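Engineer: I have a structure here, written as structure tokens, and I will follow up with some questions on it.
Coordinate-derived values only; no laboratory data. Quantities reported herein were computed from a predicted structural model and do not represent experimental measurements. Methodologically, a virtual Cβ is constructed for each residue, glycine included, from the backbone with ideal geometry; neighbour enumeration extends over all protein chains shown.
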């Protein structure tokens with residue numbers, strides 16, 4: 001039975017419109033935030049679920065604060081948390097699409113490898129941002145991953161930070177006692193299964209379980225909950241390649257490395273992200289798979305240790321003199337950037353030129369800075385050119401992240417700009433655009 005009905009007002013802040021779903025902790029409604037006249041997703045706690053309402057409010061507040069600490073488009077944006085007339089509520093951005101679980105329940109479906117890599121890369125990006133602030137999710141699974149369709153662009157969003165904590169934070173540290181198992185059995189790390197201390201490596205394991213299921217159609221282990229937890233502790237899962245043939249060897253090796261029993265043996269989230277990006281580029285035909293190791297090392301050196309020998313010109317730069325004859329990607333620049341960023345991109349085979357409205361002159365558009373009030377409208381205009389558009393915004397402007405994704409921005413990066421983050425965003429956007437173009441060409445034949 002629902003805790004409310006359409007038309008119910010939560011104080012003078014929200015009006016319920018439509019019940020979207022029910023879960024273990026409560027209900028999620030489409031609602032209108034009255035003071036801003038915008039639609040939101042409103043999670044309401046079911047009164048019977050928690051005898052201690054103070055504890056429930058602490059959990060909701062914790063989810064809001066942990067998620068709000070992570071400034072990334074692949075993490076759900078939380079607006080508000082509170083309690084009114086017996087209703088404990090959590091307001092967040094309203095997403096349009098379906099959960100990853102919905103994509104997995106289609107009978108006899110085999111997901112495209114490039115789609116799997118794109119989703120996994122986006123999840124790794126979100127978890128890198130979470131781990132950078134010390135946040136550990138603890139319940140990463142397909143039900144907590146949402147795919148929002150924005151035109152031809154799919155935004156992957158990590159949901160439900162109700163079990164998350166932030167390391168070394170007195171207010172947002174672990175709420176559960178040592179020895180208590182928290183999480184979902186199919187995606188539980190061995191250290192979670194034994195009720196031990198957990199950290200970012202636990203999220204890596206859970207992400208490995210999700211990737212395993214995306215590739216094979218099933219999690220690494222099956223059986224009763226107790227049996228599955230025991231297997232997480234003691235059993236090595238079947239190699240991914242034994243359940244699905246013709247997988248890239250690098251993808252199989254990475255997935256199995258993420259599922260190692262000892263946390264210290266798993267790759268860190270940054271390495272998972274970098275290897276997925278490299279593999280995605282390989283499948284797009286931009287890199288020679290035989291030279292994978294060498295190219296990855298050289299690229300990491302250029303992106304993360306960029307230090308030009310010539311003195312940098314101080315002050316903003318509006319464009320390069322023209323595209324480099326050796327650059328792989330020509331980027332149309334809207335706005336101004338620092339000379340250091342321009343040179344850093346050039347070292348990554350990307351030449352910046354001023355955007356002059358000619359789509360045939362560039363491969364991708366980067367919006368560096370536009371007046372805040374017109375940014376979303378400007379990006380929407382540029383998306384209409386058919387080129388992928390990457391936009392830069394302030395890291396604390398969570399509302400703009402969602403709006404830009406919905407108007408079709410291919411990638412969003414945050415200010416102040418960092419060469420490595422920007423280069424990754426541009427590469428991902430260009431890779432997905434090229435793949436869609438090839439798919440259209442095949443469909444025409």
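Engineer: Please compute the length gained on full extension between residue 5 and residue 444, using 0.36 nm multiplied by the number of residues separating them and subtracting their Cα-Cα distance. Display every interim value, and only then the final one.
Structural biologist: Numbers: separation 439, 0.36 × 439 = 158.04 nm, distance 4.88 nm.
Gain on extension, residue 5 to residue 444, equals 153.2 nm.
Engineer: Also, quick follow-up: For segment 97-283, what does the relative contact order come out to in percent, with C-alpha contacts under 8 Å and a separation of six or more?
Structural biologist: Working: 284 pairs, mean separation 45.2, N = 187.
24 percent.
Engineer: Still on this model: Relative to the present Cα-Cα distance, how much length would full extension add between residue 104 and residue 227 at 0.36 nm per residue of separation?
Structural biologist: Details: separation 123, 0.36 × 123 = 44.28 nm, distance 2.28 nm.
Here the segment from residue 104 to residue 227 would lengthen by 42.0 nm.
Engineer: Starting from the 7 Å offset along Cα-to-Cβ, what nm value, one decimal, do you get for the label separation of residue 437 and residue 37?
Structural biologist: Each label point lies 7 Å from its Cα, and together they span 4.2 nm.
Engineer: Roughly what would the spin-label model give for residue 384 and residue 85, points 7 Å off Cα along C-beta, in nm?
Structural biologist: Modelled inter-label distance: 4.4 nm.
Engineer: Between residue 149 and residue 358, what length comes free when the chain is fully extended (0.36 nm per residue of separation minus the Cα-Cα distance, one decimal in nm)? Could the numbers behind the result be given before it?
Structural biologist: Details: separation 209, 0.36 × 209 = 75.24 nm, distance 2.71 nm.
Additional length available on full extension: 72.5 nm.
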